[in-house]
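Please read the structure below before turning to the comments.
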Amino acid sequence: MNSDFGVIGNGEMLAKVRVDGAVTEAFYPSIGFFRHLLQSQFGVYLPDTQECVWFAPPEFEVEQTYLQDTNVLQTTYSRPGLSARVVDFVHPEISGVVRTLEVHNFSEEPRALHLFHTEASSVADHKGEFGYNV
């Protein structure tokens, strides 16, 4: 992709996914109506190296593409011994962002890891009061 972000949606809900895979905007019940989501992003803690990193550059090389002939967005992450894939889409009939995460260990040894997710969202339509949750 040659853009800084991808777009997913179903006509009622629209979401913007940055090239690093973070969802940074989600509008509902109409496109542009109210920004319910400021950020949604995955990260990982690697106990063997004591690293806590987001799935984003510079810790990972990132590539983002749409699955062929769809508005399903796939973001892939890679670094030595570890890769991940996040797939994002808005359900065609139910207005909700669906995010899936797969992580693969390509190192020679088994390794423990702890996945985490952060989200800043608001369901209060006109108050703009966002909460942060990890």
Within the stretch 85-101, does at least one residue satisfy the condition of being assigned to a strand (DSSP E or B), loosely packed, with under 11 Cβ neighbours inside 10 Å, hydroxyl-bearing (Ser, Thr, Tyr) and in contact with a Lys or Arg (Cβ under 9 Å, 6 or more places away or on another chain)?
yes
State which residue is most open to solvent (accessible area, probe 1.4 Å) when the search covers only the stretch 24-65 and only residues that are touching a Leu at 6+ places or on another chain (Cβ under 6 Å) and in contact (Cβ under 8 Å) with a residue 60 or more places away in the chain.
Phe42
Pairs please, first residue from the stretch 71-86 and on the phi > 0 side of the Ramachandran plot and at pLDDT 95 or above, second anywhere and open to solvent by 40 Å² or more (accessible area, probe 1.4 Å) and in a strand (DSSP E or B), Cβ atoms under 7 Å, 6+ apart in sequence or on different chains.
none
Test of understanding: among Asp20, Asp4, which residue is over 28 Å from Leu113 (Cβ atoms), of a type outside the set (A, V, I, L, M) and free of Cβ contacts under 8 Å to residues at least 60 places away in the same chain?
Asp4
In the stretch 67-78, what residues are of a type outside the set (S, T, N, Q) and surrounded by 15 or more Cβ atoms within 10 Å (Cβ to Cβ)?
Val72, Leu73, Tyr77
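Table: residues versus (1) at negative phi; (2) modelled with pLDDT of 90 or more.
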{"residue": "Gly11", "(1), (2)": "no, no"}
{"residue": "Asp20", "(1), (2)": "yes, yes"}
{"residue": "Ser30", "(1), (2)": "yes, no"}
{"residue": "Phe33", "(1), (2)": "yes, no"}
{"residue": "His36", "(1), (2)": "yes, no"}
{"residue": "Gln41", "(1), (2)": "yes, yes"}
{"residue": "Pro47", "(1), (2)": "yes, yes"}
{"residue": "Gln64", "(1), (2)": "yes, yes"}
{"residue": "Gln68", "(1), (2)": "yes, yes"}
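The values are calculated or read from the model by the stated rules, or taken from the named source; none is laboratory data. Computed from a predicted structure; not experimentally measured. Don't worry about glycine lacking a Cβ; one is built from the backbone with ideal geometry, like all the others, and counts go over all protein chains shown. Calculation scope for accessible area: heavy atoms of the full protein, side chains included, ligands and nucleic acids excluded. Shrake-Rupley method; radii C 1.70, N 1.55, O 1.52, S 1.80 Å.
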